[in-house]
Structures are given as structure tokens and as C-alpha cells.
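Undergrad: Next up is a structure, given as C-alpha cells.
The values are calculated or read from the model by the stated rules, or taken from the named source; none is laboratory data. Quick caveat: nothing in here was measured; it's all calculated off a predicted structure. Note that each Cβ is placed from the backbone with ideal geometry, even for glycine, and that neighbours are counted across all protein chains shown. Please note that ligands, DNA and RNA were not included when accessible areas were found on the heavy atoms of the full protein model with its side chains. Shrake-Rupley method; radii C 1.70, N 1.55, O 1.52, S 1.80 Å.
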Amino acid sequence: MEALLNTGGTIDEGRLAKGGNKITEDYMLECAVCWIAPEDFDAMGSPEKVLVTSRDGKYSVPVFTKRTDSVRPGHVFMPRAIWANVVVEPDTFSTGSPRYKGSKVTVEPTTEEVLSTEDVVLKVYAKGGD
């Protein structure tokens with residue numbers, strides 16, 4: 001499904017990040033997640049994980065799902081963390097900050113493994129990791 005991605009902080013994301021816990025399973029479980037409206041979640045078959053892909057198709061990241069009324073159909077939310085950064089559009093329009101709100105993405109069920117913080121850095125940003 002095509003959706004608009006919005007990112008932002010959550011209370012637990014902030015608590016974990018500011019507490020120096022970005023390389024923990026708790027942080028991954030809080031931040032490697034895509035919040036999806038019930039209608040969209042059900043239409044996709046209630047997946048445990050989804051692959052979120054950038055508008056240009058160059059970047060993808062597998063994440064866990066959260067079925068919630070907190071987002072509208074056609075929109076998804078990801079906590080602002082390394083997983084969302086993979087698919088956020090890098091254009092800054094001379095502001096120095098990328099588009100954390102309103103990026104077009106594709107969201108589809110996946111069986112891919114959700115990567116840890118370290119693995120995202122190694123496999124996505126360092127282009128390798130083995």
C-alpha cells in the first residue's frame with residue numbers, strides 16, 4: 001500500500017534515547033515499528049512485520065507493526081529513529097532538516113528480519129556488515 005509517512009518522538013523513544021539505550025532490544029522494539037490504521041492493517045492481512053520502502057524505491061527497512069487508531073488510513077507513523085531515517089526523504093529545502101513529515105512510502109507485509117540498531121548501521125549505511 002502507498003502511504004504518507006510521518007515521524008516523530010514518542011515518550012518511550014525519548015526516554016530510551018536520552019538514557020543512552022539506543023543499542024538495546026527495548027529501543028528496537030519501541031522504534032523499529034510502523035504504526036498503521038486498523039483499516040489498512042486489516043487490508044494487508046494483519047502482518048507482524050512490514051517492509052517500508054522510500055518513494056524512489058532505493059531504500060527499504062523491515063519493521064514491526066502496530067495496529068492503532070492513532071493514525072489515519074493512508075498514513076503511517078514511525079518513531080524518529082534510525083529505522084525511519086532509512087526511508088525519510090533527504091531533501092531539506094535549505095532548512096538543514098529532512099522531510100520527517102509527509103514522505104511517500106510503500107508499505108507491504110514481509111518476513112524479513114527486523115535489524116538491530118547496529119545492523120542497520122552496518123548493512124544500510126556502511127553497505128556491508130558481514
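Undergrad: Filter the range 14-35 for residues that are among the aliphatic types (A, V, I, L, M), touching a helix residue (DSSP H, G or I) at 6+ places or on another chain (Cβ under 8 Å) and part of a helix (DSSP H, G or I); which is modelled with the highest pLDDT?
TA: 28
Undergrad: Looking only at residues in the range 30-62 that are among the charged types (D, E, K, R) and surrounded by fewer than 20 Cβ atoms within 10 Å (Cβ to Cβ), which one is nearest to residue 112 (Cα to Cα)?
TA: 49
Undergrad: Can we say residue 106 is at pLDDT 95 or above, of a type in the set (Ser, Thr, Tyr) and either within 16 Å of residue 8 (Cα to Cα) or touching a Cys at 6+ places or on another chain (Cβ under 7 Å) (or both)?
TA: no
Undergrad: In this structure, is residue 127 at pLDDT below 95, open to solvent by 80 Å² or more (accessible area, probe 1.4 Å) and in a loop (DSSP other than H, G, I, E, B)?
TA: So residue 127 passes the test.
Undergrad: Moving to a separate point now. Search the range 24-72 for residues being touching a residue at least 60 places away in the same chain (Cβ under 8 Å) and among the small types (Gly, Ala, Ser), and hand back the single one that is nearest to residue 88 (Cα to Cα).
TA: The extreme case among them is 32.
Undergrad: While we're here: Among the residues of the range 109-124 satisfying the criterion of being open to solvent by 40 Å² or more (accessible area, probe 1.4 Å) and part of a helix (DSSP H, G or I), which is modelled with the lowest pLDDT?
TA: Filtering first and then ranking leaves 123.
Undergrad: While we're looking at this one, here's another question. Under the condition of being open to solvent by less than 60 Å² (accessible area, probe 1.4 Å) and at pLDDT below 85, which residue from the range 63-98 is farthest from residue 28 (Cα to Cα)?
TA: 92
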